[in-house]
1. At 222 nm, what helix-only mean residue ellipticity would the chain give, in deg cm²/dmol to the nearest 500, using -39500 (n - 2.57) for each DSSP H run of four or more?
2. Restricting attention to the range 171-218, which GluC sites (Glu not before Pro) occupy a DSSP loop and are surrounded by at most 15 other Cβ atoms within 10 Å?
3. Among [x] 0.95; [y] 1.19; [z] 1.02, only one was calculated for this model; which label is it, if the read-out is Cα Rg over 2.2 N^0.38 Å?
4. Loop only by DSSP, 11 or fewer other Cβ within 10 Å of the Cβ. Give me the trypsin sites (Lys or Arg not before Pro) in the range 249-357 that pass, ordered by residue number.
5. Among the complete DSSP H segments of the chain, which ones combine at least 18 Å of alpha-carbon extent along their axis with a mean Kyte-Doolittle hydropathy of 0.5 or more?
6. Check which residues have an amide H placed less than 5 Å from PHE115's amide H, if you skip close sequence neighbours.
Amino acid sequence: MAARKHAILSASSAHRWMNCNPSARLEQEFEDRETEAAAEGTAAHALCEHKLRRAMKMQSRKPTSQYDCDEMDAYTDDYVQFVLDTLTEARANCADPMLMIEQRLDFSCYVPDGFGTGDCVIIADRTLHIIDFKYGQGVLVEAENNPQMMLYALGALAVYECLYDIDEVSMTIYQPRRENISTWTISVEALKEWAEKELIPKAKLAFEGKGEYVPGPWCVFCKAAVKCRARAEEKLALARYEFAQPPLLTDAEIEEILGKLDDLTRWAEEIKAYAQDAALNHGKQWHGFKVVEGRSVRKYSSEDAVIEAANAAGYHDIFRKTLLPITEMEKLMGKQGFAEILDGLIVKPVGKPTLVPASDKRPAITNAKIDFNEIQED
């Protein structure tokens, strides 16, 4: 499995450069730094690829990583089953659908030097299926109007449209750790119209490093975000509320703050992490700050030695037993056995009410105070 390479205007960063055009060129000035979450996601993708290849009777060597666990094993199994079910559906309308795994997709006819890698592409008469596996759980990803998926679709159509009679594209985000399977369908005609009217002009600006810096949710994974002045100015604009008590703010001011609070908190943590890294690893001296030893938690230097010493002193009841987590228990028993053996013993409590943007797809609670009190009493 070859290492992934990304274009300047990659599909995975399209949400960013389509909204903040010059960010693509600005990011080239910063080093790639793989986060723990990204490394875990890469491992999960590799496992998905292996399992799907084996399911399709292809040769593949199982990858191993430090992130291997029962949870990842179960989630990747479910992803493969979802792909196979989608392929079965495609066969109902097409005698010879094609399934492409980790397929390089070139959409450079719309985006300069544009290409990306599709996790799974199923080409069939009438419907082209694009399926993208997301292992992250921090940000909920939706398929509707998702530019990454739309670029993959354009790349696939450029190659296979002449071989199959494709009328529409079905795009699915498979994000198991958020219990999110989001599917959106668009006609080929509408997709190409979007490409002509929106994609091409914005891609041209982005490739040339032109356009306006526009901060927004797309800043989250931008390599330049921590030092971006446009983003900083937007966050610091909230400073005008610094000394105002919440009851003295207007409803409009509170709504403005609520809409920016999550990103503001994230930005503050990014600034802190950047400053600390510069001090620890690059000798940067920040005026008014210093590096000190943080608090630590006690731990056993050797569990085996602790057990031996405790037993020798007459202490034998030193172990704690707990049930396996539900995901691991289901893996142990198998889905059918799990459902039969623990029938009626698995419950999903009602979640605690939380304030979210109106764009969130969960239904609104009619009276949060009353409903939450009922939850607590039950």
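Where a number appears in this text, it was derived from the coordinates with a stated rule and is not lab data. Computed from a predicted structure; not experimentally measured. Cβ placement follows ideal geometry from the backbone for every residue including glycine, while neighbour counts extend to all protein chains displayed.
1. That comes out to -13000 deg cm²/dmol.
2. Hits after loop and neighbour filter: GLU179, GLU212.
3. Working out Cα Rg over 2.2 N^0.38 Å from the coordinates points to [y].
4. Here the trypsin sites (Lys or Arg not before Pro) that fit, given the DSSP loop and packing criteria, are LYS290, ARG295, ARG298, LYS299, ARG320, LYS321.
5. In the chain, the long hydrophobic H runs are 147-160.
6. ALA7, ALA11, PHE107
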